[in-house]
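Asks: Please see the structure below; I have some questions.
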Amino acid sequence: MSDRTPDRVALLALPALVYMVIVFAIPVMVLIGRSFFGPSGLSVTPYIDFLSDGFNWRVIFNTLRTAALTTLVCLVIGYPTALALSWSKGFVQAIMLVAIILPLSVGVIVKAFAWQIVLRRDGIVASLLMATGVWDEPKLLLFTETGLVLGAANIFLPFMILPIYSVLKLIDPSLQHAAATLGAPPVYRFFRLSLPLAASGIISGCSIVFSLATSMYVIPSLLIGDRYQTLPTLTARAFLLMRNERLGSTTATILLFLTIAIVMLTAWLVRRREVQT
Amino acid sequence: MQNSVLEVAGAEKAFGSTTVLSGVDLAVENGEFISLLGPSGCGKTTLLRIVAGLLSADRGTVKLSGADITGLPTHMRGVGVVFQNYALFPHLTVAQNVAFGLKAQQISAGDIRATVAKYLDLVQLTSMADRPIRGLSGGQQQRVAVARALAVSPKLLLLDEPFSALDRKLRELMQIELKRILREVGITTVLVTHDQEEALVMSDRIAVMNKGAIEQFAAPGLIYQKPASRFVLDFVGHSTRIAGTTAKTTDGLLAIETAFGTLHAQSGYIPGSPVTVAIRPERISMSMAQETPPSVNVLSARLTDIIFQGSKYHLLFENQGDSHLLVEAGRIPEGMAVGANVHLHWSLEDTLVFPGAQE
């Protein structure tokens, strides 16, 4: 291959680059700029003010905790699903893929409202738990963290399943057989073979779901309400309710850097793995 | 007799309505190297997978050193496998691949290191120990796969078409190399292959399989010289075949009437049955002399073609436009050219007779 080929191939990404610069990079720059430039010029006062308030630390903690729990639920449900998807063939696999991808076409608001119904005191989940005797009396799942995590995990699940599936389907199935013939029991094979081989897919799935979950706004608004503030809901509040652009820009920037830090950490983890192998 | 390492009895397997194995019995002695030889779809790979526990048979039992392992999961069997694509673990180094099975057992780190070093030395890959799998050549990958399988000291080693990914030169080299390694370890081995040369070169005994059954299980020489069926005759090596009809047997000599005249064979057939006479092409002698050679089976035919094959020649003969006869020779006798009339003759022992007309 000639040395110039990669440059030419990179040109194909030009339209996307131009688009992203106009609709994403420039507005984000403006946003970050607003958080640093006040009426009295350049200052980090908004950040100091924000971070010196204990309530705001609680908000950051809420954001990360909810995102982490959502990611965990997605991983626990998504990994076996991805495994089943990679083992299935033909028609069954097509049906499964449709079942995973089709819900993405339903708007987040619709899904969140649907979860409101599911999580009600007389909703499906409560009725089920009552019928099976887990609960003695009906309780409200809506407006609880459990309800929020359940709803969010449902909505983000495809973003966990698909990256893991894309890695799993490339793994040679005879590796499992080879490990078994070497005397490795199933649990050992899972931790020493399946998991390391699927690691890159798991890492990307987790980083996508985590990023989405840290920045979700509609889902917490509808499923848990104002009592439970996260960085995105606080940002929206600052812009829409309080008309405090500087506060809004500050929280948005903090959220942005938290997310970037996580994505970069993930990329670094993946690259370190690739260098090792 | 408790000498058999592997004993398969009445193994049957069907996928849907397709029968893949129809009652296979197989016994492999301690330290023996046997081959399952047959065309694709003959059930040889299915049999291997059943022995390894990667597939369960519909009926039948598998015994290893006398113990019934029919229902045992793969990881508890102690049957090593070298897979066709080697199935090396891509996220581990050469040494880590070899250590994988050892680490799954309760073995001290020092013992694992020593065992890995021993088997890497055996396959002459000590210098590659810390290399990643990616970038190894086909031959090196195969040696890693062999070292990995042997490191856990299996009672039985199965080789699933292990040479099919290698080019011809390397294949021949690796066959000899692998034979040396396995002899050194002294392990009982079953090779699955569709390559007759591979089976003939490596095996103590060959089980020729066809349509889910073993047609003949014997030493390579016997398989070649005394094939038990038309299928074995056709699958292993070349043969010259002449259709005929049996006549009377006199003094233990069976006369067979053919288009080339009367031929003779040893075995007893009822007079009047259609048979095929077969001779291995290199067992046929050629003579240009006027007088008929003193042999029980002689026919004269015209040389129509000489095909040079490097180390040998294939000569094609015909008689009155009738069927082509193949003769294999190391060199062309002096004065013999296309168009010459030649006496072809062969001994009684080399005359094979199979029931049924040709093709």
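Asks: Pick from A:Pro80, A:Pro232, A:Pro27 the residue whose mean-square fluctuation is largest in a GNM of chain A, springs joining Cα atoms under 10 Å.
Replies: A:Pro27
Asks: Taking θ = phi - 60°, what integer Hz values does the Karplus form 6.51 cos²θ - 1.76 cosθ + 1.60 yield along the stretch A:234-249, in sequence order, with x for Gly and Pro?
Replies: 5, 4, 4, 4, 4, 6, 8, 8, 8, 6, 9, 4, 5, 5, x, 4
Asks: Each label point is 7 Å from the Cα along the Cα-to-Cβ direction; what then is the distance between the points at B:Asp350 and A:Val76, in nm?
Replies: For B:Asp350 paired with A:Val76, the spin-label model returns 7.7 nm.
Asks: Heavy-atom accessible area per residue, the stretch A:53-276, 1.4 Å probe: how many Å²?
Replies: Numbers: 11490 Å² over 224 residues.
I get 51 Å² per residue for this part.
Asks: If one takes the accessible area of chain A alone plus chain B alone and subtracts that of the pair, with a 1.4 Å probe, what total in Å², rounded to the nearest 100, results? It would help to have the intermediate numbers written out before the result.
Replies: Details: alone 16730 and 17150 Å², together 31960 Å².
Rounded to the nearest hundred, the buried surface is 1900 Å².
Asks: Suppose R0 equals 25 Å. What FRET efficiency, 1/(1 + (r/R0)^6) with r the Cβ-Cβ distance, do B:Asp305 and B:Val201 give to the nearest 0.05? Please list the in-between numbers first.
Replies: Values: r = 29 Å, r/R0 = 1.17.
So the FRET efficiency works out to roughly 0.30.
Asks: Next question, about the same structure. Test of the criteria: in the stretch A:156-205, which trypsin sites (Lys or Arg not before Pro) are in a DSSP loop and have at most 16 other Cβ atoms within 10 angstrom of their Cβ?
Replies: Numbers: sites: A:Lys169, A:Arg189, A:Arg192; in loops: A:Lys169.
When the trypsin sites (Lys or Arg not before Pro) of the stretch A:156-205 are filtered for loop state and at most 16 Cβ neighbours within 10 Å, A:Lys169 remain.
Asks: Let me have the 222 nm mean residue ellipticity of chain B computed from DSSP H runs of 4+ only, each contributing -39500 (n - 2.57), with the sum over all residues rounded to the nearest 500. Intermediate results must be reported in sequence, preceding the final value.
Replies: Numbers: 8 runs with 84 residues, N = 359.
The helix-only estimate for chain B comes to -7000 deg cm²/dmol at 222 nm.
Asks: Work out the FRET efficiency for B:Ile176 and A:Ser166 from their Cβ-Cβ distance, taking R0 = 35 Å, and round it to the nearest 0.05. Numbers along the way, then the final one.
Replies: Numbers: r = 43 Å, r/R0 = 1.22.
The computed FRET efficiency comes out at 0.25.
Asks: Taking each pair of different alpha-carbon atoms in the stretch A:69-221 once, compute 1/r for the pair, average those values, and report the inverse of that mean as the Kirkwood hydrodynamic radius in Å to one decimal. Walk me through the intermediate numbers first.
Replies: Values: mean 1/r = 0.0580 Å⁻¹.
Kirkwood hydrodynamic radius for the stretch A:69-221: 17.3 Å.
Asks: Between A:Phe61 and B:Lys103, how high is the FRET efficiency from 1/(1 + (r/R0)^6) when r is the Cβ-Cβ distance and R₀ = 51 Å? Nearest 0.05.
Replies: Values: r = 40 Å, r/R0 = 0.79.
For R0 = 51 Å, the calculated efficiency reads 0.80.
Asks: Restricting everything to alpha-carbon atoms, can you work out Rg to Rh for the stretch B:224-295 with a Kirkwood hydrodynamic radius?
Replies: Numbers: Rg = 13.3 Å, Rh = 13.6 Å.
Radius of gyration relative to Kirkwood radius: 0.98.
Asks: Further, regarding this structure: Can you work out the accessible area per residue across the stretch B:75-127, with the rest of the protein chains kept in place, probe 1.4 Å, in square angstrom?
Replies: Working: 2290 Å² over 53 residues.
I get 43 Å² per residue for this part.
Asks: At a 1.4 Å probe radius, which order do B:Thr93, A:Thr66 fall into by accessible area, largest first?
Replies: Working: B:Thr93 25, A:Thr66 5 Å².
Result of the area sort, largest leading: B:Thr93, A:Thr66.
Asks: Using 7 Å Cα-to-Cβ label points, what is the A:Arg227/B:Leu253 separation (nm, one decimal)?
Replies: In this crude label model, A:Arg227 to B:Leu253 measures out at 11.1 nm.
Asks: I'd like to know how the protein assembly as shown sits against the 2.2 N^0.38 Å rule of thumb: what's its Cα Rg over that expected value? Mind showing how you got there, number by number?
Replies: On the way: Rg = 36.8 Å, N = 636, 2.2 N^0.38 = 25.6 Å.
In units of the 2.2 N^0.38 Å rule of thumb, it is 1.44.
Asks: Shifting gears a bit: Only Cα pairs under 8 Å and at least 6 apart count here; give the relative contact order of chain A as a rounded whole percent. Walk me through the numbers before you get to the answer.
Replies: Numbers: 256 pairs, mean separation 73.0, N = 277.
Computed over chain A, the figure is 26 percent.
Asks: Under Stokes-Einstein, with the Kirkwood radius over Cα pairs standing in for Rh, what whole-number D in µm²/s applies to chain A at 4 °C and 1.567 mPa s?
Replies: Values: Rh = 21.8 Å.
The Stokes-Einstein estimate is 59 µm²/s.
Asks: What shape does chain B take by its C-alpha gyration tensor, where a ≥ b ≥ c are the square roots of the eigenvalues and a/c under 1.5 counts as rounded, a/b above b/c as prolate, and the rest as oblate? Don't skip to the answer; put the middle values down first.
Replies: Numbers: a/c = 3.08, a/b = 1.90, b/c = 1.62.
Because a/c hits 1.5 or more and a/b exceeds b/c, chain B counts as prolate.
Asks: For the protein assembly as shown, which whole-number percentage of the solvent-accessible area (1.4 Å probe, protein heavy atoms only) is attributable to carbon and sulfur atoms?
Replies: On the way: 19540 of 31960 Å².
Summing carbon and sulfur atoms, their accessible area is 61 percent of the total for the protein assembly as shown.
Asks: Can you tell me which of B:Ser17, B:Ser40, B:Ser137 moves the most in a GNM of chain B? Springs connect C-alpha atoms under 10 Å apart.
Replies: Highest fluctuation of the listed residues: B:Ser17.
Asks: I would also like to ask the following. What do you reckon, how do A:Trp87, A:Trp57, B:Trp346 stack up by accessible area (1.4 Å probe), largest on top?
Replies: Working: A:Trp87 190, A:Trp57 135, B:Trp346 10 Å².
Largest accessible area first, the residues go A:Trp87, A:Trp57, B:Trp346.
Asks: While we're here: What residue among B:Lys118, B:Lys13, B:Lys312 shows peak mean-square fluctuation when chain B is described by a Gaussian network model with Cα springs under 10 Å?
Replies: B:Lys312
Asks: Treat each spin label as a single point 7 Å out from the Cα along the C-beta direction, and report the A:Ala131 to A:Ala99 distance in nm.
Replies: Result: 1.9 nm between the two label points.
Asks: In addition: Please give the contour-minus-distance gain from A:Thr144 to A:Ile117: 0.36 nm per residue of separation, less the Cα-Cα distance, rounded to one decimal in nm.
Replies: Extra length available between A:Thr144 and A:Ile117 comes to 8.3 nm.
Asks: Quick one: what are the phi-derived ³J(HN,Hα) couplings along the stretch B:298-311, Karplus 6.51/-1.76/1.60 with θ = phi - 60°, whole Hz, x for glycine and proline?
Replies: Result, rounded to whole Hz: 9, 9, 10, 8, 9, 6, 10, 7, 10, 10, 7, 10, x, 7.
The values are calculated or read from the model by the stated rules, or taken from the named source; none is laboratory data. Just so you know, these numbers come straight off a predicted model, no measurement behind them. Virtual Cβ from ideal backbone geometry, glycine too; neighbours counted across all protein chains shown. Note: areas computed on protein heavy atoms with side chains; ligands, DNA, RNA excluded. Shrake-Rupley method; radii C 1.70, N 1.55, O 1.52, S 1.80 Å.
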